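Participant: Questions regarding the structure given below will be posed in turn.
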2 protein chains.
Amino acid sequence: MAAILLARMRHMNRMKEIGWVGTGIMGASMARRILQAGYGLAVYSRTRARAEDLLRDGAVWCETPREVARRSDCVFSIVGYPADVEEVVLGEEGTLAGARDRIAAGEVAPVLVDMTTSRPTLAREIAQVAARQGISSLDAPVSGGDVGAREGTLAIMVGGERDVFERLLPLFGVMGKHIRWMGPAGAGQHTKAINQTLIASTMIGTVEGLLYAERAGLDLEEVIRVVGSGAASSWSVNNLGLRIASGDMAPGFLIRHFVKDLGIALDEAQRLGLALPGLALARQFYQAALAEGLADAGTQALYRVFQRLNSPPGESP
Amino acid sequence: MAAILLARMRHMNRMKEIGWVGTGIMGASMARRILQAGYGLAVYSRTRARAEDLLRDGAVWCETPREVARRSDCVFSIVGYPADVEEVVLGEEGTLAGARDRIAAGEVAPVLVDMTTSRPTLAREIAQVAARQGISSLDAPVSGGDVGAREGTLAIMVGGERDVFERLLPLFGVMGKHIRWMGPAGAGQHTKAINQTLIASTMIGTVEGLLYAERAGLDLEEVIRVVGSGAASSWSVNNLGLRIASGDMAPGFLIRHFVKDLGIALDEAQRLGLALPGLALARQFYQAALAEGLADAGTQALYRVFQRLNSPPGESP
């Protein structure tokens, strides 16, 4: 705590102008918290309409991520897919180019922090390319959903130089509650991949257990109450399980994005020489959810896939 | 609560002599609580040595489950496998025969409560056979491990006639904290099968996630701290995950018994016409754990199977 406070005192005054790239469900809420904490905010988003609320409250619009970086002491990006990260960070009009512009103008380069759930290998590549140009960067994916983003209670898993991480603690503290430095560049993304690996199989267990309950004629909420209080308990069953029981498939987290995350985790596992059959199975069923047209449903809509798997042909589950 | 108190007042005096069949890790601790609560206790166990502690404290030894039932107002059984349940309940020297003896002697038959994790179909068969002879029975498997058994904090999932369940609430209250009536005979066993279905895939996710963490060079405890506090959290990762991180494979729950439970869940799912691929996969890997000689290790030793799966031949993980 003393170290955090000291860091806060020493650097609070230096990091005044914050840049933000990406104002989706998560990004918009996180950026708002930065703005409300009294920082200046420069914003770029692929869809300007999604940034209007922030602009109304005092954020400054930029036409490119590069321009965002030119105006900022620290730039956060949180976009959709690894290809988007490549574009907004490494692209010609990306944040890295903007950071170089600042150095060319004799100013201090901003720290680049990517919070997208993306590839550990891409995080390391960005860190290496940036470091060669004297620019600091971190990978800092988050967990905790839209509620955590709004309330500033996200888990933030950070990879990169430890002293850079410590300098940014005051900013991370505005967005999250469980903030941990996990190791060198890529370690934040690895931790997020592990997080999604755990969720994937836990969701398989949850939907299979609840489908069994439904077929056995049991009351789903009663079952969740009893199994969710002991050794079978999980965030998944106690939160998403209850949504399944009430037929609520609205997204807390989109299946479309979860499929991306599972693909990243599997690719990285393969790169590490690891066979993870449970993860592979879960990914196949989430892939089937896409085929069922459930891309924009919540991850709990996996239940529909398992209902279909166990229904007579032509009969809707 | 009022209903529970009323039931307690009305029946506390009637249920004085309790019978107990099976004094394994769970059974011995549960029986001890009954004894300590002031009930009379008649005990049978396959291995008499395991009942000695109870006998020293005032329990009465019986040579057969039948004799236990002859002396009791209510008989609990908690043994190993469904075949053991058949023998101690339905066998010639079983509790059902003892209950019939009581009726023949003009006395009130004891209620028969099987707490073994066993087949829902067997629970229904016992209930039907018993009911035809005017004898009440319940299936009431538990969750919560050795600690829950000692401390009286078990989850108890009960199937059978609801009024019989309510009559036994004071006794269940001595052993457990989360006590729920789930439906007719077999519903308790179904709920337990669902409980184990959830745990099975959650354990797959846990060991795969931690193995990924190990290979990626991350600190396992740090990873558990961050992923175990959000959407990836589960009892498994926060308890057994930490044991894996410290190399502790000692049993809270034996792999040998978990394989039995998963077999029951899969058989019942098949009977219900359900394909549960995650459960089937988990069962295969726990089967592999038996082949690795891990029958008497804790369920977290599944980690060893996944380490082996991902190790060069001849190299111990």
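Participant: Do we have A:R304 as farther than 29 Å from B:L211 by Cβ, outside the structural domain of A:T121 (by TED's automatic domain parsing) and touching a residue at least 24 places away in the same chain (Cβ under 8 Å) here?
Facilitator: yes
Participant: If you go through the stretch A:197-216 one residue at a time, how many are farther than 18 Å from A:L276 by Cα, at the interface with chain B (Cβ under 7 Å from one of its Cβ atoms) and open to solvent by 10 Å² or more (accessible area, probe 1.4 Å)? Let's see the steps before the verdict.
Facilitator: The first filter runs over the stretch A:197-216 and keeps only residues farther than 18 Å from A:L276 by Cα, leaving A:206-216.
Checking the rest, the ones that are also at the interface with chain B (Cβ under 7 Å from one of its Cβ atoms) come to A:206, A:208-209, A:211-213, A:215-216.
If we keep only those that are open to solvent by 10 Å² or more (accessible area, probe 1.4 Å) as well, we get A:215-216.
The total comes to 2.
Participant: Same structure, new question: Just for the stretch B:263-296: of the residues that are crowded, with 19+ Cβ neighbours inside 10 Å and assigned to a loop (DSSP other than H, G, I, E, B), which one is farthest from the other protein chains (Cβ to nearest Cβ)?
Facilitator: Among those that are crowded, with 19+ Cβ neighbours inside 10 Å and assigned to a loop (DSSP other than H, G, I, E, B), it is B:L294.
Participant: Can you find even one residue in the stretch B:148-170 that is closer than 30 Å to A:A187 by Cα and in contact with a helix residue (DSSP H, G or I) (Cβ under 6 Å, 6 or more places away or on another chain)? It would help to see each step written out before you state the result.
Facilitator: Just the residues of the stretch B:148-170 that are closer than 30 Å to A:A187 by Cα, to begin with: none.
No, the stretch B:148-170 contains no residue that is closer than 30 Å to A:A187 by Cα and in contact with a helix residue (DSSP H, G or I) (Cβ under 6 Å, 6 or more places away or on another chain).
Participant: Right, something else. Collect the residues in the stretch B:149-167 that are touching a His at 6+ places or on another chain (Cβ under 8 Å) and either open to solvent by less than 10 Å² (accessible area, probe 1.4 Å) or over 25 Å from B:A37 (Cα atoms) (or both), keeping them in residue-number order.
Facilitator: If the condition is that a residue be touching a His at 6+ places or on another chain (Cβ under 8 Å) and either open to solvent by less than 10 Å² (accessible area, probe 1.4 Å) or over 25 Å from B:A37 (Cα atoms) (or both), then B:L154, B:A155, B:I156, B:G159 are the ones that fit.
Participant: Restricting attention to the stretch A:250-257, does a residue exist that is of a type in the set (A, V, I, L, M), in contact with a Lys or Arg (Cβ under 6 Å, 6 or more places away or on another chain) and outside the structural domain of A:P141 (by TED's automatic domain parsing)?
Facilitator: no
Participant: Consider B:G252 carefully, then state whether it is at pLDDT below 95 and within 12 Å of another protein chain (Cβ to nearest Cβ).
Facilitator: So B:G252 fits the description; yes.
Participant: Kindly list the number of the only condition in (1) open to solvent by 20 Å² or more (accessible area, probe 1.4 Å); (2) part of a helix (DSSP H, G or I) that fails for B:G106.
Facilitator: (2)
Participant: Another question, if that's okay. Based on what the data block shows, is B:A31 part of a helix (DSSP H, G or I), out of contact with any Asp or Glu (no Cβ under 8 Å at 6 or more places or on another chain) and not β-branched (V, I, T)?
Facilitator: yes
Participant: Right, here's the next one. When A:A7 is evaluated against the numbered criteria (1) at pLDDT below 95; (2) part of a loop (DSSP other than H, G, I, E, B); (3) in contact with a Lys or Arg (Cβ under 7 Å, 6 or more places away or on another chain), which criterion, by number, is the only one it fails?
Facilitator: (2)
Participant: Let me ask something else. Would you call B:G106 over 17 Å from B:E63 (Cα atoms), more than 23 Å from the chain's Cα centre (by Cα) and free of Cβ contacts under 8 Å to residues at least 60 places away in the same chain? Let's see the steps before the verdict.
Facilitator: On the way: over 17 Å from B:E63 (Cα atoms): yes; more than 23 Å from the chain's Cα centre (by Cα): yes; free of Cβ contacts under 8 Å to residues at least 60 places away in the same chain: yes.
For B:G106, the condition - over 17 Å from B:E63 (Cα atoms), more than 23 Å from the chain's Cα centre (by Cα) and free of Cβ contacts under 8 Å to residues at least 60 places away in the same chain - is met.
Participant: What's the number of the condition B:A232 fails, among (1) assigned to a helix (DSSP H, G or I); (2) closer than 26 Å to A:I194 by Cβ; (3) of a type in the set (A, V, I, L, M)?
Facilitator: All conditions pass for B:A232, except number (1).
Participant: Quick check, is A:A49 under 21 Å from the mean Cα position of the chain (by Cα) and in the same structural domain as A:R14 (by TED's automatic domain parsing)?
Facilitator: Considered against the rule, which asks whether it is under 21 Å from the mean Cα position of the chain (by Cα) and in the same structural domain as A:R14 (by TED's automatic domain parsing), A:A49 comes out as no.
Participant: Can we say A:I194 is touching a residue at least 60 places away in the same chain (Cβ under 8 Å), under 20 Å from B:S233 (Cα atoms) and open to solvent by less than 30 Å² (accessible area, probe 1.4 Å)? Working first, answer last.
Facilitator: Working: touching a residue at least 60 places away in the same chain (Cβ under 8 Å): yes; under 20 Å from B:S233 (Cα atoms): yes; open to solvent by less than 30 Å² (accessible area, probe 1.4 Å): yes.
Criteria met by A:I194.
Participant: Taking the stretch B:217-252, which residues are touching a residue at least 60 places away in the same chain (Cβ under 8 Å) and surrounded by fewer than 20 Cβ atoms within 10 Å (Cβ to Cβ)?
Facilitator: B:G252
Participant: Quick one: how many residues across the stretch B:160-196 are in a helix (DSSP H, G or I), of a type in the set (A, V, I, L, M) and more than 8 Å from every other protein chain (Cβ to nearest Cβ)?
Facilitator: Within the stretch B:160-196, the subset in a helix (DSSP H, G or I) is B:162-167, B:169-175, B:187-196.
Restricting the remaining residues to those that are of a type in the set (A, V, I, L, M) gives B:164, B:169, B:171, B:174-175, B:187, B:193-194.
Subset that is more than 8 Å from every other protein chain (Cβ to nearest Cβ): B:164, B:169, B:171, B:174-175.
The total comes to 5.
Participant: Could you list all residues from the stretch A:127-148 that are part of a helix (DSSP H, G or I) and either within 26 Å of A:K177 (Cβ to Cβ) or open to solvent by 20 Å² or more (accessible area, probe 1.4 Å) (or both)?
Facilitator: The first filter runs over the stretch A:127-148 and keeps only residues part of a helix (DSSP H, G or I), leaving A:127-132, A:145-148.
Across the stretch A:127-148, the qualifying residues are A:A127, A:Q128, A:V129, A:A131, A:R132, A:G145, A:D146, A:V147, A:G148.
Participant: Is it the case that some residue within the stretch A:112-124 is away from chain B (no Cβ under 14 Å) and open to solvent by 30 Å² or more (accessible area, probe 1.4 Å)?
Facilitator: no
Participant: Considering only residues of the stretch A:89-103 that are among the small types (G, A, S) and part of a helix (DSSP H, G or I), which is surrounded by the fewest Cβ atoms within 10 Å (Cβ to Cβ)?
Facilitator: Per the criteria, the residue is A:A97.
Participant: Okay, next question. Only residues that are aliphatic (A, V, I, L, M) and more than 8 Å from chain A (Cβ to nearest Cβ): list them for the stretch B:297-311, please. Explain how you work it out, then say what you get.
Facilitator: Going residue by residue through the stretch B:297-311, those that are aliphatic (A, V, I, L, M) are B:297, B:301-302, B:305, B:309.
Within the stretch B:297-311, B:A297, B:A301, B:L302, B:V305 meet the criteria.
Participant: Filter the stretch B:297-317 for residues that are of a type in the set (D, E, K, R) and surrounded by fewer than 20 Cβ atoms within 10 Å (Cβ to Cβ) and give the result.
Facilitator: Within the stretch B:297-317, B:R308, B:E315 meet the criteria.
Per-residue answers, yes or no, for (1) polar (S, T, N, Q); (2) under 25 Å from A:E268 (Cβ atoms); (3) at pLDDT 95 or above:
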| position | (1), (2), (3) |
| --- | --- |
| A:R66 | no, no, yes |
| A:S77 | yes, yes, yes |
| A:A83 | no, yes, yes |
| A:V88 | no, yes, yes |
| A:T95 | yes, yes, yes |
| A:R100 | no, no, yes |
| A:A104 | no, no, yes |
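The values are calculated or read from the model by the stated rules, or taken from the named source; none is laboratory data. Given the structure is predicted, the values throughout are model-derived calculations rather than measurements. Cβ: placed from backbone, ideal geometry, glycine included. Neighbour counts: every protein chain shown. Note: accessible area is taken over every heavy atom of the protein model, side chains too, but ligands, DNA and RNA are not part of it. Shrake-Rupley method; radii C 1.70, N 1.55, O 1.52, S 1.80 Å.
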